[in-house]
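Novice: Let me begin by handing over the structure; questions about it come next.
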Ligand SMILES: NC(=O)c1ccc[n+]([C@@H]2O[C@H](COP(=O)([O-])OP(=O)(O)OC[C@H]3O[C@@H](n4cnc5c(N)ncnc54)[C@H](O)[C@@H]3O)[C@@H](O)[C@H]2O)c1
């Protein structure tokens, strides 16, 4: 029935990064759509708080700690979920960091830190999920890219590289795993109010400039990233793989120069 297309009833969805920001909002939304949500985060207390909110609202959830820098822990954690539930239907992976600096001021240690979480850590999570999903011949993985995969600005070189990399990773995994029934896609958020962007919000000029760049003239709330993510996890997206959905308030549609008089 069309009204059930977006349901996640009976699915076990693991959200890495569920302790804050977009991951937290996605975990709440996936549970509201009927999924059993496993909330994982480096910050165990925050993951537990998200799971507790889901349970308080009548949903099904559990929490655990995970460090995307530790592939043995990722493998063990995902395997335990699959063993406990007999399935591993969905993975949403949000963690990323940004060190905003001009290229000539970047150290290679900073480069390694950003690339290590944004690419290596997310790749390790994707691999661990793929190992469980391909034999079961089903599953949906949602990675987090950004408008920075397409457009960038001074100070965002390494972050933008990693977000373009996430897009190519989603496409590559989609092509490898489509024959095994596993879909892989990415979300490309626009500016969203989360702990990641708190330093921008603290600077009124910067915050307002980003709002004004956007045809909607505002930032997004984390909950506004959840609809597209739930869609990609659901059977409504059964023919959607290897793509990115930009949820950016029109950021990428507008060149941002000038609105002609009378328009
Ligand atoms: N917020 C934005 O404006 C925006 C814009 C474009 C893209 N994005 C992308 O969306 C995704 C989510 O962003 P956000 O703003 O919600 O981030 P956030 O920093 O607010 O939240 C990230 C979560 O990941 C967790 N985390 C950090 N390192 C971890 C690790 N090593 N292992 C496990 N968990 C770890 C943190 O504890 C936190 O709970 C990111 O990939 C980001 O690049 C965000």
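The values are calculated or read from the model by the stated rules, or taken from the named source; none is laboratory data. Since the structure is predicted, the reported quantities are computational estimates derived from the model, not experimental observations. With ideal geometry, Cβ positions are generated from the backbone for all residues, glycine too; neighbour counts draw on all protein chains shown.
Novice: Give the number of residues within the range 79-102 that are out of contact with any strand residue (DSSP E or B) (no Cβ under 7 Å at 6 or more places or on another chain) and more than 11 Å from the ligand (Cβ to nearest atom).
Specialist: Within the range 79-102, the first condition is being out of contact with any strand residue (DSSP E or B) (no Cβ under 7 Å at 6 or more places or on another chain), and the residues that meet it are 79-80, 82-84, 86, 97-102.
With more than 11 Å from the ligand (Cβ to nearest atom) added as a condition, the list becomes 79-80, 82-84, 86, 99-102.
Counting residues in the range 79-102 that are out of contact with any strand residue (DSSP E or B) (no Cβ under 7 Å at 6 or more places or on another chain) and more than 11 Å from the ligand (Cβ to nearest atom) gives 10.
Novice: Then there is this: Examine the range 48-57 for a residue that is within 16 Å of the ligand (Cβ to nearest atom), closer than 22 Å to residue 221 by Cα and within 17 Å of the chain's Cα centre (by Cα), and state whether such a residue exists. Please lay out each step first, then the result.
Specialist: Here is the first cut: in the range 48-57, the ones within 16 Å of the ligand (Cβ to nearest atom) are 48-54.
Then drop every residue that is not closer than 22 Å to residue 221 by Cα, which leaves 48-54.
Then drop every residue that is not within 17 Å of the chain's Cα centre (by Cα), which leaves 50.
The answer is yes; a qualifying residue exists.
Novice: Looking for whichever is without any contact (Cβ under 8 Å) to a residue 40 or more places away in the chain and within 10 Å of the ligand (Cβ to nearest atom) here; the options are 32, 44. Which one fits?
Specialist: Details: 32 fails: within 10 Å of the ligand (Cβ to nearest atom).
Selected residue: 44, the only one of 32, 44 that is without any contact (Cβ under 8 Å) to a residue 40 or more places away in the chain and within 10 Å of the ligand (Cβ to nearest atom).
Novice: Answer with yes or no whether residue 210 is within 11 Å of the ligand (Cβ to nearest atom) and not in a helix (DSSP H, G or I). Break it down into steps so the answer makes sense when it comes.
Specialist: Working: within 11 Å of the ligand (Cβ to nearest atom): yes; not in a helix (DSSP H, G or I): no.
In short, no.
Novice: With respect to residue 240, is the statement that it is more than 14 Å from the ligand (Cβ to nearest atom), within 14 Å of residue 143 (Cβ to Cβ) and in a loop (DSSP other than H, G, I, E, B) true?
Specialist: Details: more than 14 Å from the ligand (Cβ to nearest atom): yes; within 14 Å of residue 143 (Cβ to Cβ): yes; in a loop (DSSP other than H, G, I, E, B): yes.
Here the answer is yes, as residue 240 does meet what is asked.
Novice: Would you please list the contacts, defined by Cβ atoms under 9 Å and residues six or more apart or on different chains, that run from a residue in the range 236-247 that is on the phi > 0 side of the Ramachandran plot and buried (at least 17 other Cβ atoms within 10 Å of the Cβ) to a residue that is part of a strand (DSSP E or B) and at pLDDT 95 or above?
Specialist: What qualifies is 242/183; 242/184; 242/185.
Novice: Having 3 or more residues that are in contact with a helix residue (DSSP H, G or I) (Cβ under 7 Å, 6 or more places away or on another chain) and farther than 24 Å from residue 234 by Cα is the bar; report the helices (runs of 4 or more DSSP H) wholly within the range 93-205 that clear it. Outline the logic, then answer.
Specialist: On the way: elements: 108-115, 122-136, 157-177, 198-201.
By residue number, 108-115, 157-177.
Novice: Further question on the same structure: What residue, of 9, 75, is modelled with pLDDT of 95 or more and either more than 17 Å from residue 235 (Cβ to Cβ) or outside any loop (DSSP other than H, G, I, E, B) (or both)? Walk me through it before giving the result.
Specialist: Values: 9 fails: either more than 17 Å from residue 235 (Cβ to Cβ) or outside any loop (DSSP other than H, G, I, E, B) (or both).
Matching residue, one of 9, 75: 75.
Novice: So if I check each of 165, 227, which one is in contact (Cβ under 8 Å) with a residue 12 or more places away in the chain and over 30 Å from residue 5 (Cα atoms)?
Specialist: Among 165, 227, only 165 is in contact (Cβ under 8 Å) with a residue 12 or more places away in the chain and over 30 Å from residue 5 (Cα atoms).
Novice: Among the listed residues 218, 183, which satisfies the condition of being under 21 Å from the mean Cα position of the chain (by Cα), modelled with pLDDT of 95 or more and within 16 Å of the ligand (Cβ to nearest atom)?
Specialist: Numbers: 183 fails: within 16 Å of the ligand (Cβ to nearest atom).
Only one candidate qualifies: 218.
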